[in-house]
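**Q** Below is a structure I'd like to ask you about.
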Amino acid sequence: MREVMDDLMRWWHADAPVGMATVTATWRSAPRQPGATMLVGPDGTAVGSVSGGCVEAAVYDLCQEVVAAGVPRAQRYGVHDDDAYAVGLTCGGSIEVFVERVDRDTFPDLAEVAEAIGRRTPVAVLTCVAGPPERVGRRMVLWPDRRSGSLGSGRLDDAASDDGRGLLAAGRTGLLHYGTDGERRGSGLTLLLNAYAPPARMIVFGAIDFAAAVARVGAFLGYRVTVCDARPVFATARRFPDADEVVVDWPHRYLAAEARAGHLDERTVVCVLTHDPKFDVPVLRVALDLPLAYVGAMGSRRTHDDRLARLREEGVPEAALRRLASPIGLDLGARTPEETAVSIAAEIVATRWGGNGAPLSHTAGRIHTPHRPLTG
């Protein structure tokens, strides 16, 4: 919903009903992940995508039907369906979408949700997408310290609030399954939790030309980018226009302070580009002791070997050293800062999704790793 929020709010403020389709689950090589959203506005305008173009025409018609009837519906599209080629999903995957009518009456908290997203305040929207007819479409909005709306049962609201805040803290979107009264070991009711957490962080240590390119590609990938260096003459906002912030501090001291302040999470990626052991060894010692998504360090093979020896002398365990991506990046034959930044970004993406970096033309089987729905 974040991608289509401007259009959604424009129609919401005009009190014009909108058909909203949201991907709730995917199988095999489906092109979009749960949470992907498509809108059909009152003037027939389509905004967003649920399948990268595969089934948009069918979903468009379904959105219009749901707006007219006012009754939410779930629909699955897959290559094994009889009408798969008719709707266009020929990529070999399957998706399930939930379609609902959105207006001021059905989603009175939307303005608060939009404000929270705009302010980068964590907020989650929980919608009942499967269950008893009187529950389907009910919604609850969740903030770290409060909630609004009800899913139809106090016990369910409490269970979903507890589970939802955990997922919100991790910035994870997915499905939660309960009994109809919120029993965690029960079944019969499914909630879609859309988490709108602040963007994941990328922290780049070392104010060098490679860092400027890494900051640029990090911003392109949607990270909130920080560049940090202890040398004020190099760590300037002018040299790093794509970074959200430039910090002058010793890298290890800054990273440790951010960890103590709770500003890091398991989505955070750290790129150490300093090339200087007096900077990179202390900061890597801190980074490898934290539950981060990715820790990479730039340098030659010789630098890498020297770095590992120094880290071992500092007492960093072997299990932690195996988490270190060094030398940083995938082997693309990169030479320039921009090419190197692409290789680093490729390794970060591969680490996130379980890819191996091999050319797809040299592999067989599924292109995308299977998405496992969250359960609660």
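The values are calculated or read from the model by the stated rules, or taken from the named source; none is laboratory data. All values reported here derive from a predicted model rather than from experimental measurement. Cβ placement follows ideal geometry from the backbone for every residue including glycine, while neighbour counts extend to all protein chains displayed. All accessible areas refer to the heavy atoms of the entire protein, side chains included, with ligands and DNA or RNA removed. Shrake-Rupley method; radii C 1.70, N 1.55, O 1.52, S 1.80 Å.
**Q** Report, ordered by the first and then the second residue, all pairs with beta carbons closer than 6 Å, sequence separation of six or more or different chains, a first member in the range 279-293 that is in a helix (DSSP H, G or I), and a second member that is open to solvent by 30 Å² or more (accessible area, probe 1.4 Å).
**A** Matching pairs, first to second residue: V281/R310; P282/H252; V283/H252; R285/E314; V286/H252.
**Q** Are there any pairs, at least 6 apart or on different chains, whose C-beta atoms fall under 7 Å, with the first in the range 226-244 and in contact (Cβ under 8 Å) with a residue 12 or more places away in the chain and under 23 Å from L264 (Cβ atoms) and the second of a type in the set (D, E, K, R) and part of a loop (DSSP other than H, G, I, E, B), and if so, which?
**A** Going by the 7 Å Cβ cut-off, the qualifying pairs are T226/D244; C228/D249; A230/D249.
**Q** Select from the range 228-246 the residues that are open to solvent by 80 Å² or more (accessible area, probe 1.4 Å) and more than 22 Å from T336 (Cβ to Cβ) and list them in ascending order.
**A** Result: R231, P232, V233, D244.
**Q** Out of the residues in the range 155-164 meeting the condition of being open to solvent by less than 50 Å² (accessible area, probe 1.4 Å) and over 24 Å from the mean Cα position of the chain (by Cα), tell me which one is nearest to A197 (Cα to Cα).
**A** Selected residue: D157.
**Q** Six or more apart or on different chains, Cβ under 6 Å: which pairs go from a residue in the range 147-167 that's without any contact (Cβ under 8 Å) to a residue 24 or more places away in the chain to one that's part of a helix (DSSP H, G or I) and of a type in the set (D, E)? Could you list them?
**A** Every condition considered, the pairs that remain are S150/D157.
**Q** Taking into account only those residues within the range 97-152 that are over 21 Å from W11 (Cα atoms) and among the polar types (S, T, N, Q), which is modelled with the lowest pLDDT?
**A** T121
Matching residues to (1) open to solvent by 20 Å² or more (accessible area, probe 1.4 Å); (2) charged (D, E, K, R); (3) within 22 Å of P72 (Cα to Cα); (4) not in a strand (DSSP E or B):
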position: E115; (1), (2), (3), (4): yes, yes, no, yes
position: T121; (1), (2), (3), (4): yes, no, no, yes
position: P133; (1), (2), (3), (4): yes, no, yes, yes
position: P144; (1), (2), (3), (4): yes, no, no, yes
position: S148; (1), (2), (3), (4): yes, no, yes, no
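**Q** While we're on this one: Within the group Y196, Y178, which residue is buried (at least 20 other Cβ atoms within 10 Å of the Cβ), within 22 Å of T37 (Cβ to Cβ) and within 25 Å of the chain's Cα centre (by Cα)?
**A** Every option except Y196 fails the conditions.
**Q** For S326, are the conditions met, namely being out of contact with any Phe, Trp or Tyr (no Cβ under 9 Å at 6 or more places or on another chain), farther than 24 Å from W250 by Cα and open to solvent by less than 30 Å² (accessible area, probe 1.4 Å)?
**A** no
**Q** Tally up the residues in the range 211-226 that are assigned to a loop (DSSP other than H, G, I, E, B) and either in contact with a Gly (Cβ under 6 Å, 6 or more places away or on another chain) or aromatic (F, W, Y) (or both), please.
**A** So the count comes out to 1.
**Q** Okay, next question. May I ask you to list the residues in the range 212-227 that are crowded, with 19+ Cβ neighbours inside 10 Å and either more than 18 Å from P337 (Cα to Cα) or more than 24 Å from the chain's Cα centre (by Cα) (or both)?
**A** Listed by number, the list holds a single entry, Y223.
**Q** Among what's in the range 256-295 and is among the basic types (K, R) and farther than 19 Å from T351 by Cα, pick the residue that is most open to solvent (accessible area, probe 1.4 Å).
**A** Among those residues, the one meeting the criterion is R260.
**Q** Would you check if there is a residue in the range 203-210 being open to solvent by 30 Å² or more (accessible area, probe 1.4 Å), free of Cβ contacts under 8 Å to residues at least 60 places away in the same chain and assigned to a helix (DSSP H, G or I)?
**A** No, there is no match, as no residue in the range 203-210 is open to solvent by 30 Å² or more (accessible area, probe 1.4 Å), free of Cβ contacts under 8 Å to residues at least 60 places away in the same chain and assigned to a helix (DSSP H, G or I).
**Q** Hey, can you tell me all the residues within the range 48-78 that are of a type in the set (A, V, I, L, M, F, W, C) and closer than 21 Å to S94 by Cα?
**A** Answer for the range 48-78, where residues must be of a type in the set (A, V, I, L, M, F, W, C) and closer than 21 Å to S94 by Cα: V50, C54, V55, A57, A58, V59, L62, C63, A74.
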